[in-house]
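Novice: Got a structure here, written out as structure tokens. Questions coming.
The values are calculated or read from the model by the stated rules, or taken from the named source; none is laboratory data. Since the model is a prediction, treat every value here as computed from it, not as a measurement. So basically every Cβ, Gly included, is an ideal-geometry build from the backbone, and we count neighbours across all protein chains shown. Areas reflect the complete protein model, heavy atoms only, side chains present, ligands, DNA and RNA absent. Shrake-Rupley method; radii C 1.70, N 1.55, O 1.52, S 1.80 Å.
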Amino acid sequence: MLTILDRLPEGFLDIEACQLHTILDGPTLIHLPGRQAPALFVSILLHGNEVTGLLAIQKLLKHYSDRQLPRALSLFVGNIEAAKSGLRRLDHQPDYNRIWLPGDRPEHQMAQAVLAEMAQRSVFASIDIHNNTGLNPHYGCITELTSRFLQLATLFGRTTVYMTQPKTVQSAAFAKLCPSIVVECGQPGHPSGTQHVFELLEACSHLSHFSNRNVHPRELDIFHTAGIVKIPPEVEFSIGDSEDDHLTFPADLDRLNFSELPANSVLATYPHHQQFQLQVHDVDGNDVGDRYFRYVEGQVRTRRSVMPSMLTLDQRIIRQDCLCYLMERYPLSCELRERAVA
């Protein structure tokens with residue numbers, strides 16, 4: 001499934017994501033030279049409807065159209081087939097950000113080929129660029145709390161998620177090779193997201209090395225995932241339009257992202273006669289639903305203070321992925337600071 005190129009295809013700098021299939025046959029890894037080596041690895045369009053990565057890369061490459069890149073660049077363009085339809089993934093496809101451990105599908109083998117290629121070439125850092133379908137602040141996700149990973153996170157911004165699951169994501173796989181980060185850049189196509197990612201790519205391209213500098217706790221606001229919330233597949237739900245026989249969420253559901261909800265907050269309503277519970281599991285797969293929610297007189301209420309993220313109004317995404325993540329602050333304690341310089 002993988003095509004490897006050593007130059008940009010004609011027309012790449014101005015093409016829209018939905019037209020990439022006209023110049024690329026499928027998932028493609030493009031190696032471009034630069035003044036410094038090893039290369040910065042960047043993955044875009046692992047989800048076909050998340051176009052900010054493409055826009056930021058185009059902006060970067062146009063910026064250096066008349067001169068050499070400050071650092072070599074290895075660009076992976078992912079789910080081109082889904083991008084053609086403007087979708088996260090097609091129904092017959094796996095999620096391209098859940099294929100980075102060995103498996104039986106062609107997509108797993110393709111991801112392993114990318115990893116093998118980059119391991120052979122060596123790699124400076126990895127940046128996986130994503131968008132949210134709901135309203136979220138820009139934030140980064142890292143899988144290790146060590147100096148180089150924390151320094152990479154500071155280049156993007158203060159808000160950082162320490163992410164240990166799932167193990168099948170791109171950033172976890174590349175963490176074995178180099179400092180890696182997922183950057184979530186708001187909703188697709190917004191100029192602020194494109195500019196923010198462009199600035200990160202510029203900063204990483206000019207960075208000569210990662211030091212053992214101790215990142216001070218005040219430099220980052222670190223959160224971690226305490227629970228992943230899913231709606232049981234047999235439960236019908238709606239957003240905004242109240243249905244007598246549906247679980248119903250408010251029309252502005254995504255405005256709750258990264259907002260701390262106090263205990264007893266109402267998240268949704270449901271028919272009084274219906275018996276159900278949201279599925280909530282921690283990163284180890286343990287059922288923790290009773291820790292976070294209670295069901296009172298047709299209302300889903302928080303049992304304790306929680307901070308949701310990744311809430312969206314797109315019901316297809318909710319079914320394909322999840323309703324939201326529940327976040328808690330993760331203090332960069334003295335113990336972690338010692339680990340950070342290891």
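Novice: Can you tell me, using C-alpha contacts under 8 Å and at least 6 residues apart, the relative contact order of segment 125-219 as a whole percent? Write down the numbers at each step before the final one.
Specialist: Numbers: 150 pairs, mean separation 38.3, N = 95.
Once divided by the residue count of segment 125-219, the mean separation gives 40 percent.
Novice: Could the peptides 34-43, 267-276 be put in order, highest first, of the mean number of other beta-carbon atoms found within 10 Å of their residues? Spell out each step's value before the answer.
Specialist: Values: 34-43: 20.3, 267-276: 14.3.
Result, highest mean Cβ count within 10 Å first: 34-43, 267-276.
Novice: Along the Cα→Cβ direction, 7 angstrom out, place labels at ARG304 and LYS230. What is the inter-label distance in nm?
Specialist: Once both label points are built, they end up 2.3 nm from each other.
Novice: Return the whole-Å distance between the Cα centroid of segment 22-65 and the Cα centroid of segment 203-282.
Specialist: Taking the Cα centre of segment 203-282 as reference, the centre of segment 22-65 is 30 Å away.
Novice: Rank by packing, highest mean first: peptides 141-152, 280-291, 199-210, with packing defined as the count of other Cβ atoms within 10 Å averaged across residues.
Specialist: Highest-to-lowest ranking by the protection proxy: 141-152, 199-210, 280-291.
Novice: Using the heavy atoms of the protein chains alone and a 1.4 angstrom probe, what is the accessible area of segment 31-83 per residue in square angstrom? Could the numbers behind the result be given before it?
Specialist: On the way: 1550 Å² over 53 residues.
Normalised by residue count, the accessible surface of segment 31-83 is 29 Å².
Novice: Determine the relative contact order of the chain: mean sequence separation of Cα pairs under 8 Å and six or more apart, normalised by residue count, in whole percent. Don't jump to the answer; show the numbers that get you there.
Specialist: Numbers: 778 pairs, mean separation 56.0, N = 342.
Relative contact order, the chain: 16 percent.
Novice: With angles folded into 0 to 90 degrees, how steeply does helix 106-121 sit against the dominant principal axis of the chain? Use alpha carbons for both and round to 10.
Specialist: For 106-121 against the chain, the angle is about 40 degrees.
Novice: Place the peptides 250-258, 47-55, 153-161 in order of packing, highest mean first, counting for every residue the other Cβ atoms within 10 Å and averaging per peptide.
Specialist: On the way: 250-258: 17.3, 47-55: 25.3, 153-161: 20.4.
My ranking of the peptides, most packed first, is 47-55, 153-161, 250-258.
Novice: To continue, here is another question. Relative contact order of segment 60-165, please, whole-number percent, based on alpha carbon pairs below 8 angstrom and at least 6 residues apart.
Specialist: Details: 60 pairs, mean separation 13.9, N = 106.
Taking the mean separation of contacting Cα pairs over the length of segment 60-165, I get 13 percent.
Novice: Taking all protein chains in place and a 1.4 Å probe, what share, in percent, of the accessible surface of the chain do carbon and sulfur account for? Provide the component values of the computation, followed by the final result.
Specialist: Numbers: 7040 of 15020 Å².
Heavy-atom surface of the chain belonging to carbon and sulfur, 1.4 Å probe: 47 percent.
Novice: Also, I was wondering about something else. For LYS167, go through the lysines and keep the ones whose alpha-carbon is under 20 Å away, minus same-chain ones fewer than eight residues off.
Specialist: LYS176, LYS230
Novice: Follow-up. What number comes out for accessible area per residue over segment 203-262 if the probe is 1.4 Å? Units Å², please. Don't skip to the answer; put the middle values down first.
Specialist: Numbers: 3160 Å² over 60 residues.
That works out to 53 Å² per residue.
Novice: Separate question: When the helices in the chain are scored as -39500 (n - 2.57) per DSSP H run of 4 or longer and the sum is shared across all residues, what 222 nm value do you end up with, to the nearest 500 deg cm²/dmol?
Specialist: It comes out at -7000 deg cm²/dmol, rounded to the nearest 500.
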